[in-house]
Amino acid sequence: MPGFVIRWVINAVALLLISQVIRGIEVDGIVAALAAAAVLGIFNAVLRPVLLILTLPLTIVTLGLFALVLNGFMLYLVGSLVKGFSVHGFWAAVFGAILLSLVSGVANAFISDRGRIEIIDVQTPTR
């Protein structure tokens, strides 16, 4: 459970930083960022798998690039639902979703479910 909370806070901070970098994404404060990160997490867990299955032929034809559009749509949808968080424009949503995916991927790679930072030590085998 602590790992979930840490990743949630990291995503909220990432949304705050992304709003400073990308014109078209606005966050009014930390409470709005926390709410947006929570709603986005719920949407990604419930709605995104259904949309991925429904758009699978289009995703295959575009060699996976449509998944970026789908991620942007999810961010845009959250922006229309959460007060204090707004996304203006298609490209702002897509680029914001790309940056948020990168931050979330790094957080998921290094933070365990127990909330500990795990370092992966890869050693080359000796002969």
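Bear in mind that the values in this text are calculations on the coordinates, not laboratory data. Quantities reported herein were computed from a predicted structural model and do not represent experimental measurements. Because the Cβ atoms are built from the backbone with ideal geometry, glycine has one as well, and the counts that use them run over all protein chains shown.
The stretch 10-47 and the stretch 56-115 have Cα centres lying 10 Å from one another.
Computed with the Debye formula from one identical point scatterer per Cα of the stretch 2-110, without solvent, the log10 of I(q)/I(0) at q = 0.10, 0.12 Å⁻¹ comes to -0.26, -0.38.
Here the stretch 6-127 is assigned +1 on the Cβ of each Lys and Arg and -1 on the Cβ of each Asp and Glu. Its dipole about the Cα centre then comes out at about 120 debye. Tell me the mean residue ellipticity at 222 nm calculated for the chain from its helices only (DSSP H runs of n ≥ 4, each -39500 (n - 2.57), averaged over every residue, nearest 500). Value at 222 nm, helices only, nearest 500: -23500 deg cm²/dmol.
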